[in-house]
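Presented below is the structure to which this report refers.
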Amino acid sequence: MSATPESSHEAERKKVTTHTLQRMKRKGVKIAALTAYDYLMARLIDEAGIDLILVGDSAAMVIQGKDTTVGVTMEQMLYHAAVVRKGVERAIVVADLPFMSYQVNADEALRNSGRMVKEAGAEAVKLEGGEQICATVRRIVDVGIPVMGHLGLTPQSIHKFGTYRVRAEDAEEAEEIRRDARALQDAGAFALVLEKVPASLGYEISQALTIPVIGIGAGPGCDGQVLVSHDMLGIYTRFKPRFVRRYAELADAMRQAFGNFAEDVRSNDFPQESESY
Ligand code: KIV
């Protein structure tokens, strides 16, 4: 396989920007994205060469133990974004705007996007929704803040939909998502997350748009893929959607390590002389 600038050695540590992602789309180089919520995880993900790090509002579930993403606050997301940013040199850092931080009006959305960039150091913000938030997207983009859209399964609307089922299985919902995707692109979004839709729709929308489409449960035809780190590492085990591939079983390994430590403390095996002063 011939090396493209984005995959070649000299480009490996070059800062990823929205332009890099655009170029990757044009050249057919797939974009790898993962979520992070803290400094150390962000640093490891960045060192592994992941292109885009999303400070997801999934923090509500995998960090705070909540049942949905709706409860995480703006202040909490600012904190997560700031500590993630500190650990990242290469990847582009995109931070989720939490539920109700951008829906009330465009002024509030703009103010909160500005905080995410200015106070936390995020390089872009992500928000959920289609045509109904395009005026807001345009307003944020106009001041120079890149915006990523999020369509398909939009977890902030879980109480409206009542289920995490696959979206757009019927023609009407598929058409709505196609329309929303085009509208977000026209409003100036630099990329789009497409969650839990049929693979055929993921492929079709990725082909139709000029901006990168990052899929999560949207099939192999998207321009890139994103997963929640705690899912792919096997740390978050409350449930496992079909679209998650586990690259490790860290929950088991961690439980084992914690148990071994407790056993060693109780049996006086730890600490040894070499571990003492
Ligand atoms: O919050 C999150 O982790 C996300 C991903 C699922 C894309 O939005």
Quiz prompt | Spin-label pair ALA262/PHE161, simplified geometry with 7 Å Cα→Cβ offset, distance in nm | solution = 3.8
Quiz prompt | region 8-246 - percent relative contact order, Cα under 8 Å, separation 6 or more | solution = 17
Quiz prompt | Order of exposure, largest accessible area first, which applies to SER200, SER276, SER101 with probe 1.4 Å | solution = SER200, SER276, SER101
Quiz prompt | Value at 222 nm in deg cm²/dmol, rounded to 500, when DSSP H runs of n ≥ 4 in the chain each add -39,500 (n - 2.57) | solution = -11500 deg cm²/dmol
Exercise. May I ask you to give the percent of accessible area on region 149-277 that is carbon plus sulfur, with a probe radius of 1.4 Å?
Key: 52
Self-check item: Accessible surface of region 6-118, 1.4 Å probe, proportion on carbon and sulfur as whole %
Solution: 56
Practice problem: Measure nothing but the geometry: give the 0 to 90° angle between the long axis through the Cα atoms of 199-208 and the longest principal axis through the Cα atoms of the chain, rounded to 10°. | Solution: 60
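From the Cα gyration tensor of the chain, with a ≥ b ≥ c the square roots of its eigenvalues, which class applies: rounded if a/c is under 1.5, or else prolate if a/b is larger than b/c, or else oblate?
On the way: a/c = 1.64, a/b = 1.55, b/c = 1.06.
Taking the square roots of the gyration eigenvalues as a ≥ b ≥ c, the chain is prolate.
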Quiz item: Between their Cα atoms, which of LYS30/LYS160; LYS14/LYS118; LYS27/LYS86; LYS25/LYS240; LYS14/LYS196; LYS15/LYS66 are more than 27 Å away from each other?
Solution: LYS30/LYS160; LYS27/LYS86; LYS25/LYS240; LYS14/LYS196; LYS15/LYS66
Self-check item: Solvent-accessible ranking of TYR79, TYR164, TYR37, largest area first, probe 1.4 Å
Solution: TYR79, TYR164, TYR37
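The values are calculated or read from the model by the stated rules, or taken from the named source; none is laboratory data. Since the model is a prediction, treat every value here as computed from it, not as a measurement. A quick note on method: Cβ atoms are made from the backbone with ideal geometry, for glycine too, and the neighbour counts reach across all protein chains shown. For accessibility, only protein heavy atoms count, side chains too; no ligands or nucleic acids. Shrake-Rupley method; radii C 1.70, N 1.55, O 1.52, S 1.80 Å.
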